[in-house]
Amino acid sequence: MDIRDFRTTEEIEVPGSLIDQVIGQEKAVEIIRKAALQKRHVLLIGEPGTGKSMLGQAMAELLPVEELEDILVYPNPDDKNNPRVEAVKAGEGEAIVQRYKEQKRRVEAPINTMFKVLFITVMLMVLYYMLVLQQPYVLFLGIIAFVFLLMGRQYIKVKDEVLVPKLLVNNKGMKKAPFVDATGAHAGALLGDVRHDPFQSGGLETPPHELVEPGAIHKAHKGVLFIDEISTLSMESQQSLLTAMQEKKFPITGQSERSSGAMVRTQPVPCDFILIAAGNLDVVRKMHPALRSRIRGYGYEVYMKDVMDDTPENRDKLVQFVAQEVVKDGKIPHFTREAVMEIIEEARRRAGRRGKLTLKLRALGGLVRAAGDVAISEGSPYVEARHVRKARKIARTLEQQIADRYISQKKDYEVYRVEGAEVGKVNGLAVIGSDSGVILPIVAEVAPAQSRDEGRIIATGKLRTIAREAIQNVSAIIKKHTGRDISNYDVHIQFLQTYEGVEGDSASISVATAVFSALENVPVDQSVAMTGSLSVRGDVLPVGGINPKIEAAINAGIKKVIIPQGNLKDVMLDPEKRSRIEIIPVKSLPEVLEHALCWSEDRKSLLDRVKSVISLPSVDKALPKVDKQSG
């Protein structure tokens, strides 16, 4: 059946294997299949929610179950602090332990019988002296005798050869290879540990082999070890992980110097796992170089996609995704065709680019479940389009809720205005998180330079590296487009109440407009908001988050928004919101100034002068001449 022809997601067949449930990551799926076949390590880099952990679980399904092993640890009669280790076929470990238990019971049977006879004899003697001979003080002697008998039993131990081994890793009955998530694991949980024994003498101590605990690397033997945000591991843990990957075995020792387990070190324990390391781009910089080199040399590196093309085939995949989420959740009703179309429309909007669909499916799955909860609360047998629209309003992210409050509070206290005109003040636009827009008020003031050498650009508002560099670029643009020597001035730029800090260069046109307004004393239309990056030549360049920024302007009551021409194709607003704002695409700074500033008749010549400065040399003049010489 063509899945584009359906009434509800009940009709959509959900694949049984996880690898076939991965949506939009065809390259990653192909590499995972190859890596599972050849036992290669994989580094998955990408945005959260793009399917990295699902790919790790899918690889575990592809690995052969026949190769699984149980791991046992035995006492070592030659060195009790160096327990022996043995790997056996999966399922045999329990039988071995049971056999040793039976052997121990047979060896201990005569000793247990002797002590039972002694206990009964002492008890009968105490009763005889108390009841027949009327000597109650004998009871205290009996209690002392019982204590000595118990202590004697503790001291009489069976030989080390019949001590029961400990089953460290038990893979009996496993239907697929182990998948062990060691994200955020400390050294003991990752590499194994030896528990502290408070009774280290007096015949009460626990045999060292029974104190040994396996780490994630040992539990993942013949399976998959998944570590997200791998750079959060200490360098020492990453180095030990590298050793385990190289040797395919790693001894277990106590991780705390103050623990009695620090004296115990087992023989090397098998840990032949496939590592699936994951994280964002920042992880690559913080990883141990040798660990990354090992993965790159003996495996694959994959950069996960966060969008896919908006084609019929890929829309079909999102239909399958909705059906999968309903089945996985198990508590929400199926979706109608119209409801699925709403989910696909939301995937377009979240992609932020025209002709694309988002692959950040964890967040999209949250909307699916929220819509299902709305349908259940209304008693509907299916999730309909109206439920999805209602869920979109209810299940807003924390950043969206903060942005709404941010906009409301700043409007109430007139931190920004949406009408009138003001010199040196611009309504910029910014994004909190990934999909929540806010108004970013920016003001500029020009004052005589305090230094005799030259003026300075002074920017405040917790600006980070890229934002500060953008401010420096703007100063060069202002010098060029005003035709004035601003070295005699100090230009003060303030990002109002940006307590969370500012990063990126998308406020470049806002800063340039505010500075130009302050220099030339031309007021800025406060009903206009803007976003866009600037090149040093005055070209307006595309920026990210264009849709949430426009929505923030709409919510704030802004009438016009200036955006880069290159972002016009990315604008995806519903008709109701689109009708509430005028979108002005621009290519250069003079166009921004023309639409943002309130030009009186006597200042039009200034605008014409700015437009003339932006004109660039022709291609013929820009290219050097080459003399042609005959050979």
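The values are calculated or read from the model by the stated rules, or taken from the named source; none is laboratory data. Computed from a prediction, not measured in an experiment: that's the story for all the values here. Ideal geometry is used to build each Cβ from the backbone, glycine not excepted, and the neighbour counts take in all protein chains shown. The protein model used for the area step is the full one, side chains on, heavy atoms only, and it has no ligands, DNA or RNA in it. Shrake-Rupley method; radii C 1.70, N 1.55, O 1.52, S 1.80 Å.
Kirkwood hydrodynamic radius, region 360-420, all distinct C-alpha pairs: what's the number in Å?
Value: 13.6 Å, from the Cα pair sum.
In angstroms, what radius of gyration and Dmax does region 241-334 have, counting Cα atoms only?
In Å, with Rg to one decimal and Dmax whole: 21.6, 63.
Given R₀ = 22 Å, FRET efficiency for Arg389-Lys569 by Cβ-Cβ distance, to 0.05?
0.35
Among the listed pairs Lys219/Lys317; Lys39/Lys328; Lys393/Lys560; Lys286/Lys410, which are separated by more than 31 Å between their Cα atoms?
Check vs 31 Å cut-off fails for Lys219/Lys317; Lys286/Lys410.
Run the 1.4 Å probe and let me know the accessible area of Tyr382, rounded to the nearest 10 Å².
70
Order the following by accessible area, largest value first: Phe140, Phe119. Probe radius 1.4 Å; ligands, DNA and RNA are ignored.
Descending order: Phe140, Phe119.
Using only C-alpha positions, report the orientation-averaged shadow area of the convex hull of region 234-282, nm², one decimal.
Convex hull of Cα atoms, orientation-averaged projection: 4.5 nm².
Over the alpha-carbon set of region 34-184, work out the extent along each principal axis and list the three values in angstrom, largest first.
So the three principal-axis extents are 86, 33, 29 Å.
Let me know the whole percent of all Cα-Cα pairs from region 328-429 that are separated by more than 22 Å.
Within region 328-429, distances greater than 22 Å cover 46 percent of Cα pairs.
Mean shadow of region 11-72, computed from the convex hull of its alpha carbons, in nm²?
With the hull built on Cα positions only, its mean projection is 6.1 nm².
Order the following by accessible area, largest value first: Glu257, Glu378. Probe radius 1.4 Å; ligands, DNA and RNA are ignored.
If we order Glu257, Glu378 from most to least accessible, we get Glu257, Glu378.
Using heavy-atom solvent-accessible surface (probe 1.4 Å) with all chains present, what is the largest-first order of Lys559, Lys286, Lys317, Lys425?
Reading off the accessible areas and sorting them downward yields Lys559, Lys286, Lys317, Lys425.
Can you return the aspartates and glutamates within cross-link range of Lys248? Criterion is Cα-Cα under 12 Å, with same-chain partners fewer than 8 residues away left out.
Output for Lys248: Asp272.
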